[in-house]
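The values are calculated or read from the model by the stated rules, or taken from the named source; none is laboratory data. In this text the structure is predicted, and so the values were computed from the model without any measurement. Cβ: placed from backbone, ideal geometry, glycine included. Neighbour counts: every protein chain shown. Ligands, DNA and RNA are excluded from the accessible area calculation, which covers all protein heavy atoms including side chains. Shrake-Rupley method; radii C 1.70, N 1.55, O 1.52, S 1.80 Å.
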Amino acid sequence: MSTVSTEIRRGAYFDSVVLMELQSSLKRLPEVLDVGVMMATAANKDLLNMQGLLDESAKDAQPEDLIICIKAANEAFAQTALAEVDNLLVRRRSAVDQDYLPKSLAAATKMLPDANWVLVSVPGQYATRVAREALELQKNVFLYSDNVSIEDEVSLKQQARRQSLLVMGPDCGTAIVNGIGFGFANQVRRGPVGLVGASGTGLQHVTSRIHQLGGGITHALGTGGRDLSTPVAATTALQSLDLLRRDPETKVIVLISKPPAEEVAAVMLRQARMTQKPVVVNFIGHSAPEKMTDENLHFARSLDEAAELAVGLGLAPQISRPPETPTSERVTHGSGHLRGLFSGGTLAHEVLLMLRNYLPAVYSNIPLNKAHKLPDVWTSQEHTIIDLGEDEFTVGRPHPMLDNTLRLQRLQQEADDPSVGMILLDVVLGHGAHPDPAAELAPAISAARAAAKKAGRNLEIVALVVGTDDDPQGFASQVERLQQAGARVEMSTRSLAAHVGQKLPVVGKAPEGQNVDLKVLQQPVAVLNVGLESFAASIKAQEAEALHVDWRPPAGGNDKLLSILERMKKK
Amino acid sequence: MDIDKANKEATEKMIEARAVLVGLGKAKDVIPGMRENLLLHAGPPITWERASGPMRGAITGALIFEGKVRDEDGARALVENGEIELEPCHHHQSVGPMAGVTSPSMSVYIIENETHGNRAFSNLNEGYGKVLRYGAYDSEVQERLRWMEEVMGPVLKDAIEASGGIDIKALLSEALHMGDEGHNRNKAGSILYLKALAPHIARVSKDSAVAAQVLQAIGDNALSVLNPVMAACKVMADAAHGIAGSTIVTTMARNGTDFGIRVSGLDDQWFTAPAQIPKGLYFPGYADEHANADIGDSTITETAGIGGFAMAAAPAIVTFVSGTPKDATNATMEMYEIAFSEHRAFTIPSMSFRGTPIGIDLRKVVETGITPRVNTGIAHKEAGVGQIGAGLVRPPMEIFESALVAYAEKYDI
């Protein structure tokens, strides 16, 4: 007949590896049948219950309490085993002449002043606090802990961005910085591919495949699985992408994410285009465009393919590219909102699709998603593209391909809006269309530009001309007159969209904070480790500096005291 | 309110305080508030009923010395009926090691803080073996106390005055470079003290045999400087007390039953909880079960940034806790985690002359869960047996927690 003896240690925190070792040591003691040593979280209590180890006394234990349950042949053996717990814990600690293990990040920083990263793997409820402390000490953070709220994630990442620091995570399993793997990482050859991943195992898979294929990587920067969600808005991914853009060692970039939010994916792709480096994109589950290669972007349908593309691009001789234009410069060059006045519905739709890669939001009467539906089709807002061929405009009026009246009015209206910097028009030639659109449009374009100039603004008007040499309107003459009126003429939607992307501000406003200093990738990695001790050991095994912090829950996990301490900090 | 600013002011005062031994006098003549029916004792306030064996023994011994009783029953009667009152040394600018019992006609050292002007007092050290501070009170103890009062006291008084004052802060700085930590190990400091006094003792003694006895008593007792050191630490801590908003601990003391602390920004309120049994090495024949709970005002040394906080300076002391020299360094490293600042006068050679951790910050203690380390002697729980070992002890965490809660209430946080 076996018996279970239980001991509850209030507020005794140990990392899970220590507890596993304790558990296996206890199991080896005589007549001990089964052992459960766990922090008393609800999930762990369920587990102990299923093993038949949870007795009444342990049911009220709180998550910060340690439960030690021992099932033994009889009570005496169980008690003997319980009495061994302290000895077993001490034996582990008392390595002769052990160096001091700091108890706080502040003390650790003094002991290893060169530390540039803090690895955080403490239980979720404490993780934000530790990560914030790390940021306050000017350290970059690899946040392995999960169970961090999205609000805390947003606030940590915004703070990091203001301080030009990186927060990888929460729930970031993998990163490789300057050859040193954080958390779970493979031993990957150095090479030209830099990766940004919002997926830990995704990063592991792609980096391993790159290695298997004979390639190598510069850095693999994790972001945490929620980075490309709407609230987090790819804060870390954008910082990482920008770092890899500036990193001279990185020749090819790979972007991996679990399904990203649509508008965040669009922002990422816009930034990716501006890196001037080949970027392999694998947004798992995201509808890839029909073209697998679009300028410098290469869309992969799978992690394997991402690795293959990256290795191939890394080997390919690099075509010489125009000099880099830093993001900030683009922001100042472009100005004003975009307005598109289309007569062709499909043209308007395709331009909307293409602009998704360049502009954060374009309002329309035919928007790509409902959020960007123009509330009043007669009044544009921010970036707007109107399909004037829609029913709401054609009731009681001829189609705009035949009659420019409405378009000319609207052109005037848009040109008068001081926030507008660019107007797009389509000019569709051919049988059945207006016999001489340039005759009406060119003077209006001229007038609009002149009025804007008088008001001290630069208004660019771009005309997308659709037609052939043999069209009755005379293609060359139409183009010539539009150009003479000051319009830029484009013949393809792709080049039109690319031009818009070049000229208009990339995002609404420049992100706060300076770019993260490239030093973070180039300096030797030195780590302060808070949480799982094995992470520090693994960094040391890779011959980088690491100092483990002998962390305990602050104020013993006492909420009342913690909240007093928090309030005192604000005093 | 700027807590850090208040704490900086408090720790700066501790660091800046220049403690000088300026004289010797009878307790009733020099200690403020001392009176015929008063005994001072170590630690927070205590009653006879709650007093431990060594504390009761020391009270008994002091009352026998004062000629008021003959035995423990007599002492109990006087204390319980209120004819004799008990008050903490700390309420009278004083400190005493172990039981710390100081009676009106005992001689006490007078320490003056030349930077801020405040004074502190401490009784004379009796040496080892059967001594009052461990609760022994038999005739041997009484004889020793009388010799100290009648023979050693007058010589010391004249010698200290003749010296023009002995700078205890400078003495401590030097002793820390000679392997002392100022609490449990005062071997070097006591020799420096002897060196400072010797020529003056020789000069002021009318009888060379007496001079030899006094010199021998000081020289044989490796704790002879402990009491002036404690009073020196007391003037430093008192200088830092009473600063609005400061979370710096300015008193740590034990009466053998309770461990108590006071905090600079929390007036004179004590925060107490049962004192713990030190962990350490016992003299042959003794073990944990013979040990009294932690006792004495000597934790004033840790409060002022030496003792357990300066453990790295005194690697020899780790033998008390069967450690290695690295453990001594680690002990000091740990104390940096709860200290507000680093001392400028007290430095540790083996740590590249880094200053000792100074200014125990209540906030850091509660946040990190690290309580101050105290190096201490261990008293037998029965009166009169004396010291049975030495080791390490820590205050109970709850007194820091309740002080933090009181702070939040007082300052409306």
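Annotation: B:Arg144 carries an accessible surface of approximately 90 Å², with a 1.4 Å probe and no ligand, DNA or RNA atoms counted.
Once the Cα-Cα distance is subtracted from the 0.36 nm per residue extended length, the A:His431 to A:Ser2 segment shows a gain of 145.0 nm.
Taken about its Cα centre, the range A:335-503 carries a charge dipole of roughly 660 debye when the Cβ of each Lys and Arg holds +1 and the Cβ of each Asp and Glu holds -1. The residue list A:His205, A:Gly467, A:Leu347 was ranked by how far each Cα lies along the charge dipole of chain A toward its positive end, using unit charges on Cβ atoms, and A:His205 comes out on top. Name the residue farthest towards the positive end of the dipole of the range A:355-436 from the options A:Leu406, A:Val420, A:Ala371, assuming +1 on Cβ of Lys and Arg, -1 on Cβ of Asp and Glu, about the Cα centre. Projecting each Cα onto the dipole axis, the largest value belongs to A:Ala371. Listed by chain and number, the lysines whose alpha-carbon sits under 18 Å from that of B:Lys206, ignoring those within fewer than 8 places in the same chain, are B:Lys157. Per-residue extension of 0.36 nm, minus the Cα-Cα distance of B:Ser350 and B:Glu140, leaves a gain of 71.3 nm for this segment. Summing charges over neighbours of B:Leu124, with a neighbour being any other residue whose Cβ is under 13 Å away from its Cβ, gives +2 when K and R count +1 and D and E count -1.
Considering only B:Val204, B:Ile317, A:Pro360, the residue lying farthest towards the positive end of the dipole of the protein assembly as shown is A:Pro360, judged by Cα position with unit charges set on Cβ. What FRET efficiency would be calculated for the residue pair A:Leu353, B:Glu398, taking the C-beta separation as r and a Förster radius of 56 Å, to the nearest 0.05? Taking R0 as 56 Å, the efficiency between A:Leu353 and B:Glu398 is 0.25.
Around the Cα centre of the protein assembly as shown, unit charges on the Cβ atoms of Lys, Arg, Asp and Glu (plus for the first two, minus for the last two) sum to a dipole of about 1780 debye.
In the range B:4-85, what GluC sites (Glu not before Pro) fall in a loop by DSSP, with at most 15 other Cβ atoms inside 10 Å? Those satisfying the criteria are B:Glu36, B:Glu49, B:Glu83. Summed over both chains, the accessible area lost when A and B associate is about 2000 Å², using a 1.4 Å probe. The calculated 222 nm mean residue ellipticity attributable to helices in chain B amounts to -11000 deg cm²/dmol, summing -39500 (n - 2.57) over DSSP H runs of n ≥ 4 and dividing by all residues. Bridgeable aspartates and glutamates around B:Lys381 (alpha carbons under 12 Å apart, same-chain partners fewer than 8 residues away excluded): B:Asp288, B:Glu289, B:Asp294. For the range A:203-226, the residues whose backbone nitrogen is under 18 Å from a point 7 Å from the Cα of A:Arg189, taken along Cα to Cβ, are A:204-220.
Could you compute the net charge surrounding A:Lys110? Neighbours are other residues with a C-beta less than 11 Å from the C-beta of A:Lys110; K and R count +1, D and E count -1. Summing Lys/Arg as +1 and Asp/Glu as -1 gives -1.
These residues, A:Arg28, A:Arg209, go from largest to smallest accessible area, 1.4 Å probe, as A:Arg28, A:Arg209.
Suppose only helical runs count, i.e. DSSP H with n ≥ 4. What mean residue ellipticity at 222 nm does that imply for chain A under -39500 (n - 2.57) per run, divided by all residues and rounded to the nearest 500 deg cm²/dmol?
On the way: 21 runs with 220 residues, N = 571.
One gets -11500 deg cm²/dmol as the mean residue ellipticity at 222 nm.
Rolling a 1.4 angstrom probe over the protein heavy atoms with all chains in place gives the range B:188-291 an accessible area of 36 Å² per residue.
Accessible area of A:Leu89 (1.4 Å probe, protein heavy atoms only, ligands and nucleic acids ignored): about 20 Å².
When DSSP beta bridges are restricted to pairs lying wholly in chain A, around 25% turn out antiparallel.
For the protein assembly as shown, the fraction of 1.4 Å probe accessible surface lying on carbon and sulfur atoms is 52 percent. In terms of accessible area, using a 1.4 Å probe and ignoring ligands and nucleic acids, B:Thr303, A:Thr41 rank largest first as A:Thr41, B:Thr303. Summary of the geometry: the range B:169-246 and the range A:393-438, compared by the centres of their Cα atoms, lie 99 Å apart.
To make sure I understand the rule: partners must be aspartates and glutamates, Cα under 14 Å from the Cα of A:Lys251, and not fewer than 8 residues away in the same chain. Which ones qualify? Answer for A:Lys251, where 14 Å is the Cα cut-off: A:Asp242, A:Glu324, listed by chain and number. Entry comment: accessible area of chain A is 43 Å² per residue, from protein heavy atoms only and a probe of 1.4 Å.
Under the rule a/c < 1.5 gives rounded, and otherwise a/b versus b/c splits prolate from oblate, where does the range A:3-93 land using the Cα gyration tensor? Taking the square roots of the gyration eigenvalues as a ≥ b ≥ c, the range A:3-93 is oblate.
With both labels modelled 7 Å from their Cα along Cα-to-Cβ, the A:Asp469 to A:Met20 distance reads 7.3 nm. Determine, from the Cβ-Cβ distance of A:Ala451 and A:Thr201 and an R0 of 45 Å, the FRET efficiency 1/(1 + (r/R0)^6), rounded to the nearest 0.05. Once rounded, the FRET efficiency stands at 0.20. Rounded to the nearest 10 square angstrom, B:Ile277 shows an accessible area of 80 square angstrom against a 1.4 Å probe. For the pair A:Leu137 and A:Ser419, the difference between a 0.36 nm per residue extended length and the Cα-Cα distance amounts to 97.3 nm.
Its Cα centre serving as origin, the range A:111-201 has a Cβ charge dipole (Lys and Arg +1, Asp and Glu -1) of approximately 340 debye.
How much of the DSSP beta bridge set in chain B is antiparallel, as a percent to the nearest 5?
90
The shape of the range B:17-230 can be summarised by an equivalent ellipsoid whose semi-axes, obtained from the alpha carbon gyration tensor, come to 28, 19, 16 Å from longest to shortest.
Take the Cβ atoms of B:Ser105 and B:Glu382, set R0 to 35 Å, and the FRET efficiency comes out at 0.85. Cβ under 11 Å from B:Gly355's Cβ, B:Gly355 left aside: what net charge do those residues give with Lys, Arg +1 and Asp, Glu -1? My count for the surroundings of B:Gly355 gives +1.
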